[in-house]
Each structure stands twice: as structure tokens, then as C-alpha cells.
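Enquirer: Got a structure for you, questions after.
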Amino acid sequence: MTDNRYAVRVEDVHKSFGATQALRGVTFEASPGEVLGILGPNGAGKTTMVNVLSTLVRPDAGYAEVAGYDVVTEAAGVRSSIMLTGQYAALDEALTGFENLMMFGRLMGLRKSAAKARATELIGEFDLEHAAARKVSTYSGGMRRRIDIACGLVVRPEVVFLDEPTTGLDPRSRQGVWDLVANLQSMGITTLLTTQYLEEADALSDRIIVIDHGEVIAEGTADELKSRTGGSYCEVVPLDLKRLPDVVEALGPLLPPRFDPASIVGADRIAVPAPDGARTLAEALRRLDVAGVELVDIALRRPSLDDVFLSLTGHISDPESDADSGMAVAS
């Protein structure tokens, strides 16, 4: 049954490839105009889920709809409502950027004049005027990604799937893609983003789902997920590591009740829970100053998405390990 509150709705979706269970009852929703980040380790099922939603793979069981269309029984409606961009640009390198846009417009049913007008508009929006008449084979990675996404927007989609859109891009090109995602959101387009970069999900996503072994194991905003690993903490690094016992004594009641002094053996810093944020930091600094402990560093820190990912999956993020799957198993 269609639910107009959601641009994407997935209920108990299963998919197996032989003996391998890629999806084991995945359930989630995405609201109109929302950017939903999809994170997961190598082999978690992220790309399989995107392939199901874009009608490239048929689910074995469960229900999924995109833009109000059932992905199984109304696949044509889904395809007419989405844009799918993978890790590698799907372009004709023998054509210019402008010609690629014209071609996509014609394939999408636009008249020649309308396709030309739309291509000109997109060339300007994506800051490609200087390269419009050049063959795509001469484009940099960032330019290819921009023209690839522009081609998908010749006819405005309701839902965009970005599968590892910044893989292999340099930092400047990656920032350009980030700006494009922000533009999609400002246009009210729902975006599902799978990414191997945790900071990317943190920066771009309204909400995040974490998939592991074919199941959704966590869901929420970046801040909500970070809160699951604990609140803010104050990190103290003394100038002389031999004074770590003095740091422990000075901080006293600021440390957890069950703090084990033996835990400082071999350590180079101490982390103190900071439920009161900056006030805890100020109190720790006051106590250490009274004790005469010189510091290399003292800072208020919050858990990162890397911390969340490690605590949830037992894996660490390693973007360079596998460009196709995006996550690596911790050794």
C-alpha cells in the first residue's frame, strides 16, 4: 500500500544470492526531500539494497516502494522517478559534456529544443561552461562526476540514489559533490547516499541507517548515533607522562566511580566524562592547575561516527581498502 508520507519505504525486504543472504529483513523509510545516509561494512548489503530500490534486483520477500511505486509490480514507474549514480560515471566519452546532456534529454523524451535548453541550463548550474564543448574523455574525475549527476537531472527525479559518489575523487572534487547534494536537497529531492566516508555521512545526511550482515542495526541522526557511544568527554594529556598518577589524583571526583587507576599503565592521556561540557573542562583545568600539572593538551571532544561505527559493527572504516564495497574488516 502506498504511503504518501514517504519517498522511499522498505518493509522486511529479503534477498539471497545462492546460499548468501544479502538482505535479512531490512526496514526503513525516507521522507520527501530528506538525505538518508546508508553506512555498512564490506558485504553489509548496501549496494544490494540500492539495486532493489532502483529495480535492478528483484527482492525475494518483503515490500518496497519508491515515489509511490511498488518496485516489483510498478518498476517502470520507479525508473521514471529516480536517478541512479554509481561509483563510475556512465557517460559517452566520445561526446562533449553538452552533447551528453543533449543525448540524455532526447532519451528521456524531450524535444530537441527542450533538450538543448535544459542542457544549457544544467551546464550553467554545474559550473561546466568552460568544458561544455570538450570531450568527456578529457574531463577530470570531479568534472565527470558533475556531468554524470547533471545528466541524471535532465528530467527532475523525485528520488536520487548516490552509490559511493565521491570514491576516488580528490578533496576539492569531493567538496563539489557535497555541494551538489546540498543543491538536490534544496530542490526538495530525496537522496539516498551510500558512502565509504563516515565524515561524508555526518556532513550531508539528515538521518543515517547502519546496515551490517543484511540487517539495519542502527538508525537516527548523526548526533543520536553518537550519543549511543556516550556523551562528550574531556581528554587530558600531561607534559610529563610520569605525572599521570597526579592527574588521576587531581581530577578525583570528575572520574567515573569505577575508574581503575591501573588503566593508566602505558597510557599517554586520560579521558574524563564531561556531562556538563565546557564547565567540566574548566573544572578539570582548574584542578590540574592547582596540582601544578603542566599539560600538552586538554580538549573537549565528542564521539565521532567512526567511534559509532566501530562500536556497532566491530569494524573500522578504511576507505582505501575496497573501492567497491567501501568498508574494511578490522584486523
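Enquirer: Determine if the stretch 84-95 includes at least one residue that is part of a strand (DSSP E or B), open to solvent by less than 10 Å² (accessible area, probe 1.4 Å), at pLDDT below 95 and farther than 24 Å from GLY18 by Cβ. Spell out the reasoning first.
Expert: Filtering the stretch 84-95 for residues part of a strand (DSSP E or B) gives 84-85.
Then keep just the ones that are open to solvent by less than 10 Å² (accessible area, probe 1.4 Å); that gives 85.
Retained after the next criterion (residues that are at pLDDT below 95): 85.
Restricting the remaining residues to those that are farther than 24 Å from GLY18 by Cβ gives 85.
Within the stretch 84-95, one or more residues are part of a strand (DSSP E or B), open to solvent by less than 10 Å² (accessible area, probe 1.4 Å), at pLDDT below 95 and farther than 24 Å from GLY18 by Cβ.
Enquirer: Give me a count of the residues in the stretch 221-248 that are outside any loop (DSSP other than H, G, I, E, B) and surrounded by 13 or more Cβ atoms within 10 Å (Cβ to Cβ). Talk me through it step by step, then tell me what you get.
Expert: Residues of the stretch 221-248 outside any loop (DSSP other than H, G, I, E, B): 222-227, 233-238, 241-248.
Narrowing the set further to residues that are surrounded by 13 or more Cβ atoms within 10 Å (Cβ to Cβ) leaves 222, 224-227, 233-238, 241, 243-244, 246-248.
Looking only at that region, the number is 17.
Enquirer: What do you reckon, is VAL71 open to solvent by less than 50 Å² (accessible area, probe 1.4 Å) and without any contact (Cβ under 8 Å) to a residue 24 or more places away in the chain? I'd like the intermediate steps shown before the answer.
Expert: Details: open to solvent by less than 50 Å² (accessible area, probe 1.4 Å): yes; without any contact (Cβ under 8 Å) to a residue 24 or more places away in the chain: yes.
Considered against the rule, which asks whether it is open to solvent by less than 50 Å² (accessible area, probe 1.4 Å) and without any contact (Cβ under 8 Å) to a residue 24 or more places away in the chain, VAL71 comes out as yes.
Enquirer: Next up: Please verify whether VAL72 is more than 21 Å from VAL210 (Cα to Cα), of a type outside the set (D, E, K, R), out of contact with any strand residue (DSSP E or B) (no Cβ under 7 Å at 6 or more places or on another chain) and not in a strand (DSSP E or B), treating the condition exactly as stated. Lay out the reasoning, then the answer.
Expert: Details: more than 21 Å from VAL210 (Cα to Cα): yes; of a type outside the set (D, E, K, R): yes; out of contact with any strand residue (DSSP E or B) (no Cβ under 7 Å at 6 or more places or on another chain): yes; not in a strand (DSSP E or B): yes.
For VAL72, the condition - more than 21 Å from VAL210 (Cα to Cα), of a type outside the set (D, E, K, R), out of contact with any strand residue (DSSP E or B) (no Cβ under 7 Å at 6 or more places or on another chain) and not in a strand (DSSP E or B) - is met.
Enquirer: Quick one: count up the residues across the stretch 96-115 that are in a helix (DSSP H, G or I) and open to solvent by 60 Å² or more (accessible area, probe 1.4 Å).
Expert: So the count comes out to 6.
Enquirer: Could you please find all residues in the stretch 49-65 being touching an Asp or Glu at 6+ places or on another chain (Cβ under 8 Å), at pLDDT 95 or above and open to solvent by less than 10 Å² (accessible area, probe 1.4 Å)?
Expert: If the condition is that a residue be touching an Asp or Glu at 6+ places or on another chain (Cβ under 8 Å), at pLDDT 95 or above and open to solvent by less than 10 Å² (accessible area, probe 1.4 Å), then ALA64, GLU65 are the ones that fit.
Enquirer: Right, next: Return the residues of the stretch 117-129 that are more than 9 Å from LEU101 (Cβ to Cβ), in a helix (DSSP H, G or I) and touching a helix residue (DSSP H, G or I) at 6+ places or on another chain (Cβ under 7 Å); say none if nothing qualifies.
Expert: The one that is more than 9 Å from LEU101 (Cβ to Cβ), in a helix (DSSP H, G or I) and touching a helix residue (DSSP H, G or I) at 6+ places or on another chain (Cβ under 7 Å): GLU129.
The values are calculated or read from the model by the stated rules, or taken from the named source; none is laboratory data. Not measured: the values here are computed from a predicted model. Cβ: placed from backbone, ideal geometry, glycine included. Neighbour counts: every protein chain shown. The protein model used for the area step is the full one, side chains on, heavy atoms only, and it has no ligands, DNA or RNA in it. Shrake-Rupley method; radii C 1.70, N 1.55, O 1.52, S 1.80 Å.
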